[in-house]
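Undergrad: Structure incoming, see below.
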Amino acid sequence: MEKTLDINYLNLFLGYLLILIPILIFYYYKTGLVKDSLIAVARMTIQLFIVGLYLELLFEYNKAWINSLWWIIMVIIAAFTIIRRAYLSLRIFIIPLIISLIISLVVIDAYFLGVIIRLDYFFDARYFIPISGILLGNCLRTNVLGLNSFYLKLKTDKIRYRYYLGNGATRTEALAPFMREALKTSFNPLIASITVIGLISLPGMMTGQILGGSSPEVAIKYQIMLMLAIFASTLISVVLTILLANRFAFDDFGNLKDNVIKEKRQV
Amino acid sequence: MIEINNLQLTFDGKTILKDFSISVKEYEKAVIAGESGKGKTSLLHVILGFLPFQKGTIHINGKELNAKHIGEIRSLTAFVPQEIYMPDTSVKNMFYTPFLFKNNSAQKPDQETIEKSISLLGLESDLLQKNTDEISGGQKQRIAIASALMLNKPIVLLDEPTSALDENSIKKLIAFLNNQGDKTILATSHNKTWIENSDKVINLDLYGKNA
């Protein structure tokens, strides 16, 4: 397999000059985004270098417990990020989110790595870490949209929820339309991106594999499997989180607790 | 049928009701009257378990309103809020929504019965084919009232059903509701005609106490 060409640090520095284009445009239109953009690029650089160092270590040792520990840390960080970005109550959502992310990743990782790719060593960092990472990144995005939509709608449209309950609906029946709307909101973008994949953009993993020396055919097969895995894992995690969190998000009379979601901003 | 004893309701730090007791008997048509902010809607919400109360007891059909009985109590009620928002659906679907619940599926009426019922409320049957965004708030509320009454629940709770109606429509609505002999109806309203035509008036201006 041909090795990917390295980028030396001088050339990487030249690459950073690209940021001048958005900075100048943002500055010209007085968008107030210059500082945020610079902070974002600086953070990206630091985070990726730290992750790079850590991944070097993971790949060198390639031990099941170290890789699993990294996996668990990713899950916990994702859970906290979802809660913060969806403006949810940490106390109510942290445990349901961690449980649902773990379940969805375990099921889909096991199927993808164990059944489809049939790895001899399931925890092989080369597969286990990047695939779990991509699944988790997508779970994060979809959960933010889905959870925010579900609980914010319930809070702002509580008349409709009460209308259902007051006419004899069980809590599950009264929540069903809100679940339906949350799934539509959170999965429409994913379905749209699956629909046009390859037509208007080459997906990241496929590009990475081709750059890494894989044949386009192998890259395509991985990409197809990955999209299916993303679809399934995100759906499991969103639905499971809502079902688990609902045990703590309502009072004994089926009313949504006031502190479940902060109404201040929407995603 | 509905028994409230020594109720205290505090909401957003304000005591809306204190030492409040009422009784609405079976088949009675009662109106909760009073100025805005006196707790008319809140009282309906308390009866349905949507708002917590601080003191007192509420019994519906002999069952105490608490977490244990709330499901049972709500299975006895039909409820129409003042404003109903049902996005992206037809009026017909809106009408049928409560009949999708397991509790109510046996009561699902046929098209002819629905048309007859809504015409008594002064609505045209072609309204059912429209989208909910195309009809007024008052029309939506009357559709919801017709739907609620066909659920055949013993207790019907209506929040300001007259607020978006003209006097002629109000008269039709009152006649329609007073014709529901087998139902206990408790409604909030400012409307003089209705207050005059009801079996019982619960005037919250006389009970309400500001903290």
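Undergrad: Just how many pairs of Lys in the stretch B:116-204 have C-alpha atoms closer than 24 Å, counting pairs that are eight or more places apart or on different chains?
TA: 26
Undergrad: Could you work out how far the C-alpha centroid of the stretch A:159-211 sits from that of the stretch B:98-116, in angstrom?
TA: Centre-to-centre (Cα) distance: 30 Å.
Undergrad: Once you have a ≥ b ≥ c as the square roots of the Cα gyration tensor eigenvalues for the stretch A:48-96, tell me rounded if a/c is under 1.5, and otherwise prolate or oblate according to whether a/b is larger than b/c.
TA: Working: a/c = 6.18, a/b = 2.17, b/c = 2.85.
Taking the square roots of the gyration eigenvalues as a ≥ b ≥ c, the stretch A:48-96 is oblate.
Undergrad: Tabulate in residue order the Karplus-calculated ³J(HN,Hα) for the stretch A:139-156, using 6.51 cos²θ - 1.76 cosθ + 1.60 with θ = phi - 60°, rounded to whole Hz; enter x for Gly and Pro.
TA: 4, 4, 4, 5, 5, 4, 5, x, 5, 4, 4, 4, 7, 5, 4, 4, 6, 7
Undergrad: Something else now. Which distance in Å, rounded to a whole number, links the C-alpha centroids of the stretch A:221-260 and the stretch A:51-65?
TA: 30 Å
Undergrad: Relative contact order for chain B: what percent, with Cα pairs under 8 Å and sequence separation of 6 or more? Can you show the working numbers first?
TA: Working: 369 pairs, mean separation 69.3, N = 211.
Once divided by the residue count of chain B, the mean separation gives 33 percent.
Undergrad: Per-residue ellipticity at 222 nm for chain A, helices alone: DSSP H runs ≥ 4 residues times -39500 (n - 2.57), over residue total, nearest 500 deg cm²/dmol? Mind showing how you got there, number by number?
TA: Details: 10 runs with 196 residues, N = 267.
One gets -25000 deg cm²/dmol as the mean residue ellipticity at 222 nm.
Undergrad: Using a simple charge model, +1 on the beta-carbon of Lys and Arg, -1 on the beta-carbon of Asp and Glu, nothing else, what dipole does the protein assembly as shown show about its Cα centre, in debye to the nearest 20? Walk me through the numbers before you get to the answer.
TA: On the way: 49 positive and 41 negative charges, 149 e Å.
That gives the protein assembly as shown a dipole magnitude of about 720 debye.
Undergrad: Taking other Cβ within 10 Å of each residue's Cβ, how do A:TYR222, A:TYR16 sort, fewest first?
TA: Working: A:TYR222 21, A:TYR16 10.
With the fewest neighbours first, A:TYR222, A:TYR16 line up as A:TYR16, A:TYR222.
Undergrad: Give the angle, between 0 and 90 degrees and rounded to the nearest 10, that separates the Cα long axis of helix B:167-178 from the longest principal axis of the Cα atoms of chain B.
TA: The angle comes out near 80 degrees.
Undergrad: Still on this model: Quick one: if the Förster radius is 51 Å, what FRET efficiency do B:LYS192 and A:TYR29 give, using the C-beta to C-beta distance and rounding to 0.05?
TA: It comes out at approximately 0.30.
Undergrad: Nearest 20 debye, what's the magnitude of the dipole of the stretch B:1-94 about its Cα centre given +1 on Lys and Arg Cβ and -1 on Asp and Glu Cβ? Don't skip to the answer; put the middle values down first.
TA: On the way: 11 positive and 10 negative charges, 16 e Å.
So the magnitude is around 80 debye.
Where a number appears in this text, it was derived from the coordinates with a stated rule and is not lab data. Given the structure is predicted, the values throughout are model-derived calculations rather than measurements. Note: ideal-geometry Cβ built from the backbone for every residue, glycine included; neighbour counts use all protein chains shown.
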